[in-house]
Amino acid sequence: MLDARACLPVLVFVVSWSWTTFYIALTRMIAFSVTSWAGMTVPVTLRLVRRVLVGHGGGAGRAIAAAKSWKP
């Protein structure tokens, strides 16, 4: 069963008919279908992708906390 978000790339392909948009639409349909099958929403998927790309470290938050707790 396809989710409505997975059918949106098909609409883009039908409006702009070329092999490039076909491949993009096919890739997006597969990605949205896998996301829907895994039970994740789009915001959750975007957070997961961001976490994979950036990493799960504390980032600047740890450095700021360490600077605040530092006493000369």
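Only the coordinates and a few stated rules stand behind these numbers; no lab work does. What you are looking at is a predicted structure, and each value in this text was computed from that prediction instead of being measured. Cβ coordinates were reconstructed from backbone atoms using ideal geometry, including for glycine residues, and neighbour counts include every protein chain displayed.
When ranked by the protection proxy of mean other Cβ atoms within 10 Å per residue, highest first, what sequence do the peptides 7-19, 42-54 form?
Working: 7-19: 12.2, 42-54: 10.7.
Highest to lowest by the protection proxy: 7-19, 42-54.
Please work out the FRET efficiency for the pair ILE30 and VAL54, using the Cβ-Cβ distance as r and a Förster radius of 25 Å; give the result to the nearest 0.05. Mind dumping the intermediate values first?
Values: r = 24 Å, r/R0 = 0.98.
Computed FRET efficiency for ILE30 and VAL54 comes out at 0.55.
A straight chain from LEU8 to TYR23 at 0.36 nm per residue would run longer than the Cα-Cα distance by 4.0 nm.
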